[in-house]
Amino acid sequence: MKIGVLVKQVPVSDSSLRVNPDQLWVEEGSLNFEMNENDSYALEEALQIKEQSGEGEVVAISMGPADRTPKIIREALSKGADRGIHIVESSSHESDPYILATLFNEAVKDEGFDLVLSGLQSDDMSTGQTGLILGELLGMSTATMVVETEIQGENLKVKRELESGWFQWVTLSLPACVTIQSGINQPRYASLKGIMSAKRKEIRELQKDELMTGDSLQSLSKMYVQHKDKRTEMIEGDTQEIVSRLVDVFKSEAKVL
């Protein structure tokens, strides 16, 4: 079975974020990056499926700058992925999930994947849309919030997490594209042997600008850090006026009524 896994590099969760002067993204110079948590579970699930079948190939796919993205692909390779695909992003950071999915589609449409896995969402943008749109563009069966998978011949049976503690079993025909929920497995650590072998594995580079096929459907207009202000208002008047003002504050400002 040939499996593609989308992996993304995101700022470490406890990073101190500063907004760029243009207010369109954060300053990355002082940040440390790590593999997106949901994607690490997707990678582990792909590796386990390959191991259970006894054959196949796992391909790690990522997009980002040339100076740091290969590191996250090498991490996937050191854990057991067979090769990588890097979409080199030299222009501004792309935030539109449709364009992201389009770029990944252009990069992998000739790969002939039986299965494409991605994390449910990324820790930085959290749109939860890229994997879904990619499945549609590739013409694959799709499922979201998957917490268990089972290969059944030409089909994939998945357990989906719903609201209020409910779950749903769905059978998809292969090829399929699913988004993985955290906690589905226990991601492995890279072994010393895996780290050494990762240096010899192929990472194919593709240029983002050469893959672009359309305009973004959404964009960031402004990014800023939320500021909280404290103020005190003295409510005066008779009892009826004070009560009326309090009710108005609770409804329109505090929004507790």
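The values are calculated or read from the model by the stated rules, or taken from the named source; none is laboratory data. All figures in this text were calculated on a predicted structure; none of them were measured in a lab. As a convention, Cβ positions derive from the backbone with ideal geometry for all residues, glycine included, and neighbour counts pool all protein chains shown.
Name the residue that is modelled with the highest pLDDT, counting only residues in segment 32-69 that are polar (S, T, N, Q) and out of contact with any Ser or Thr (no Cβ under 9 Å at 6 or more places or on another chain). Don't jump to the end; show me each part of the working.
Pass one, segment 32-69, residues polar (S, T, N, Q): 32, 36, 38, 40, 48, 52-53, 62, 69.
Remaining after also requiring out of contact with any Ser or Thr (no Cβ under 9 Å at 6 or more places or on another chain): 52-53.
Values: 52: 91, 53: 87.
Step by step, filter segment 32-69, then rank; the result is 52.
May I ask you to list the residues in segment 68-105 that are of a type outside the set (Val, Ile, Thr), part of a helix (DSSP H, G or I) and more than 10 Å from residue 198 (Cβ to Cβ)? Quick ask: steps written out before the conclusion?
Taking segment 68-105 first, the residues of a type outside the set (Val, Ile, Thr) are 68, 70-71, 74-84, 86, 89-98, 100-101, 103-105.
Then keep just the ones that are part of a helix (DSSP H, G or I); that gives 70-71, 74-79, 97-98, 100-101, 103-105.
Once the filter is applied, which keeps residues that are of a type outside the set (Val, Ile, Thr), part of a helix (DSSP H, G or I) and more than 10 Å from residue 198 (Cβ to Cβ), segment 68-105 yields 70, 71, 97, 98, 100, 101, 103, 104, 105.
Within segment 8-24, which residues are over 10 Å from the mean Cα position of the chain (by Cα) and either among the aliphatic types (A, V, I, L, M) or surrounded by 15 or more Cβ atoms within 10 Å (Cβ to Cβ) (or both)? Of everything in segment 8-24, those that are over 10 Å from the mean Cα position of the chain (by Cα) and either among the aliphatic types (A, V, I, L, M) or surrounded by 15 or more Cβ atoms within 10 Å (Cβ to Cβ) (or both) turn out to be 11, 12, 15, 17, 19, 24.
Out of all the residues in segment 205-219, which are within 19 Å of residue 129 (Cβ to Cβ) and either hydroxyl-bearing (Ser, Thr, Tyr) or surrounded by 13 or more Cβ atoms within 10 Å (Cβ to Cβ) (or both)?
Keep residues of segment 205-219 that are within 19 Å of residue 129 (Cβ to Cβ), which gives 208, 211-219.
If the condition is that a residue be within 19 Å of residue 129 (Cβ to Cβ) and either hydroxyl-bearing (Ser, Thr, Tyr) or surrounded by 13 or more Cβ atoms within 10 Å (Cβ to Cβ) (or both), then 208, 211, 212, 213, 216, 219 are the ones that fit.
Where residues in segment 199-214 are at pLDDT 75 or above and in a loop (DSSP other than H, G, I, E, B), which of them is farthest from the chain's Cα centre (by Cα)? Write out each step before concluding.
Of the residues in segment 199-214, the ones at pLDDT 75 or above are 199-212.
From the residues that got through so far, the ones that are in a loop (DSSP other than H, G, I, E, B) too are 199-202, 212.
Numbers: 199: 25, 200: 27, 201: 24, 202: 23, 212: 20 Å.
Within segment 199-214, the match that is farthest from the chain's Cα centre (by Cα) is 200.
Taking the residues in segment 175-189 that are in a loop (DSSP other than H, G, I, E, B) and not hydroxyl-bearing (Ser, Thr, Tyr) as candidates, determine which candidate is farthest from the chain's Cα centre (by Cα). Ranking the qualifying residues of segment 175-189, first place goes to 175. Scanning segment 56-67 for any residue that is outside any helix (DSSP H, G or I), among the hydroxyl-bearing types (Ser, Thr, Tyr) and surrounded by 20 or more Cβ atoms within 10 Å (Cβ to Cβ) turns up at least one such residue. For the criterion of being under 30 Å from residue 154 (Cβ atoms) and part of a strand (DSSP E or B), residue 49 fails. From the list 232, 239, the one residue that fits, being loosely packed, with under 10 Cβ neighbours inside 10 Å and modelled with pLDDT of 90 or more, is 239.
Filtered by the rule that a residue be under 12 Å from residue 178 (Cα atoms), among the polar types (S, T, N, Q) and crowded, with 19+ Cβ neighbours inside 10 Å, segment 111-140 gives 118, 121, 130. The numbered conditions (1) assigned to a helix (DSSP H, G or I); (2) aliphatic (A, V, I, L, M); (3) within 30 Å of residue 59 (Cα to Cα) are all true for residue 217 except (1). Looking across segment 152-203, the residues that are acidic (Asp, Glu), surrounded by fewer than 17 Cβ atoms within 10 Å (Cβ to Cβ) and more than 19 Å from residue 85 (Cβ to Cβ) come down to 154, 163. Scanning segment 162-189 for residues being closer than 21 Å to residue 126 by Cα and in contact with a Leu (Cβ under 8 Å, 6 or more places away or on another chain) gives a total of 7. Looking at 111, 106, just one residue is more than 23 Å from residue 41 (Cα to Cα) and either of a type in the set (D, E, K, R) or touching a helix residue (DSSP H, G or I) at 6+ places or on another chain (Cβ under 9 Å) (or both), and that residue is 106. Flag: residue 99 matches the condition of being hydrophobic (A, V, I, L, M, F, W, C) and under 15 Å from the mean Cα position of the chain (by Cα).
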